[in-house]
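Structure first, then comments.
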Amino acid sequence: MAFGFKSFGSEQGLTSTSITTIIQDLNGFLWIGTEDGLFRLEGEKFRRFGTEEGLPANRIRGVSFARPFGLWIITDKGIVWWDGKSFQRPSQFGFPGLDDRPGIHLPSGGVILSNAEAEQRFFSATDGSGFQELKGLPWGGGAYCAFYEPERNLLVVSLQEGLWLWDGKNWKNRVPFKGESVRKTIHSIHIDGRGRYWLRQTDGLFRLDHFEAPPVRIPTPEPLSVVSDTFLAEDKLGRIWTNTAKSLIWISDSASGVLGENQGLPPGASYVFHIDTQGTLWAGGDGVFKLLGDFLWTSATRKTGLPGDITWTVLGTRDGRLWAGTGSG
């Protein structure tokens, strides 16, 4: 079954159509991060927020939600917390001198900020009041990636020194990869429903059955390759998904598979992917693609209402709609 998109652009208030991120906050509002401001959908129109409203810069690098409400926004010139009424910089919630420091957003909510001059890192999974220094975490340059698991309050950070796990009370650390034969940089982390740790490198996928367990290289049905952004996600069947430059790969305890050109997914369609609340798989790149069944896809392109063919981000909202951010809206 084919599907189509309704386009949103300048006529609906989305004056910047170069989309960098899409997120739905815990109150149900849809937010669009762009290269020229942050936009919130209010009815059928978008409201723009920029430096005039308190953002440090107009270019949005990432957005994640805070708990129990609000947002963390990463800009070119520092991070801010949206408290529902205004943007709060670190100095406004008790951390002077950190307003222009870089940060990374966590997909499951929260933010990490780095202060290179003092070799400090700060973290919050809640709001500005929960912002705190990550004491005991060594400084070795920027954090490669991080994963926060809110149900168990687990924070995993990948550094040059290895993996670090915060359980809310103490740090544990380990170096999972040793020797020059294994590339050490970890680009993505995921903790699955059974508490196992999945680590994605450029050309390798590994699993730790628990944090102290030795890493097991997971065979993949085709070689992993360099992509600008690597993803790890888990579907309702407990399968782990990741992407390559040409395909999507899934892994279960007893099998593995690939969705690529031979399975109906065109080359260039796996830059981003999303598993919605119904368990449906969506892929984005040169268009948007929905998996209907084995080897059966339906797609949307500019001809069916997509503002542009190159898709940078995909999000399914709680009302069952899918949003796709392209370079043209």
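The values are calculated or read from the model by the stated rules, or taken from the named source; none is laboratory data. Note that this is a predicted model, so its numbers are computed, not measured. For neighbour counting, all protein chains shown are included, and Cβ atoms are generated from backbone atoms with ideal geometry for every residue, glycine included.
Numbers below:
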read-out: Those residues of the stretch 6-60 which are over 19 Å from Leu322 (Cβ atoms), among the charged types (D, E, K, R) and in contact with a helix residue (DSSP H, G or I) (Cβ under 7 Å, 6 or more places away or on another chain), in sequence order; value: Lys45
read-out: Total residues in the stretch 32-75, condition under 18 Å from Thr126 (Cα atoms) and surrounded by 14 or more Cβ atoms within 10 Å (Cβ to Cβ); value: 12
read-out: Residue match in the stretch 96-112 (condition: polar (S, T, N, Q) and out of contact with any Asp or Glu (no Cβ under 8 Å at 6 or more places or on another chain)); value: no
read-out: Which numbered condition Gly193 misses (of (1) more than 19 Å from the chain's Cα centre (by Cα); (2) assigned to a loop (DSSP other than H, G, I, E, B); (3) farther than 23 Å from Arg121 by Cβ; (4) at pLDDT 90 or above); value: (1)
read-out: Matching residues, the stretch 105-163, being at positive phi and not acidic (Asp, Glu); value: Gly109, Gly110, Gly136, Gly141, Asn153, Gly162
read-out: Residue that is surrounded by the fewest Cβ atoms within 10 Å (Cβ to Cβ), among those in the stretch 211-254 that are of a type in the set (Gly, Ala, Ser) and part of a loop (DSSP other than H, G, I, E, B); value: Ser254
read-out: Subset tally (residues that are in a loop (DSSP other than H, G, I, E, B) and either touching a Cys at 6+ places or on another chain (Cβ under 7 Å) or exposed (fewer than 14 other Cβ atoms within 10 Å of the Cβ) (or both)) for the stretch 77-95; value: 4
read-out: Pick from the stretch 215-245, criterion among the charged types (D, E, K, R) and farther than 17 Å from Val288 by Cβ, ranking: nearest to the chain's Cα centre (by Cα); value: Glu234
read-out: Pair list, Cβ < 7 Å and 6+ apart or interchain, from the stretch 11-22 residues that are over 10 Å from Phe39 (Cα atoms) to residues that are among the charged types (D, E, K, R); value: Gln12/Glu44; Gln12/Lys45; Ser18/Glu35; Thr20/Glu35; Thr20/Arg61
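For every residue, the table says whether it meets (1) modelled with pLDDT under 75; (2) closer than 27 Å to Thr15 by Cα; (3) surrounded by fewer than 18 Cβ atoms within 10 Å (Cβ to Cβ); (4) touching a helix residue (DSSP H, G or I) at 6+ places or on another chain (Cβ under 6 Å).
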site: Asn262; (1), (2), (3), (4): no, no, yes, no
site: Trp282; (1), (2), (3), (4): no, yes, no, no
site: Asp286; (1), (2), (3), (4): yes, yes, yes, no
site: Leu296; (1), (2), (3), (4): yes, no, yes, no
site: Gly305; (1), (2), (3), (4): yes, yes, yes, no
site: Ile310; (1), (2), (3), (4): yes, yes, yes, no
site: Thr317; (1), (2), (3), (4): no, yes, yes, no
site: Trp323; (1), (2), (3), (4): no, yes, no, no
site: Ser328; (1), (2), (3), (4): yes, yes, yes, no
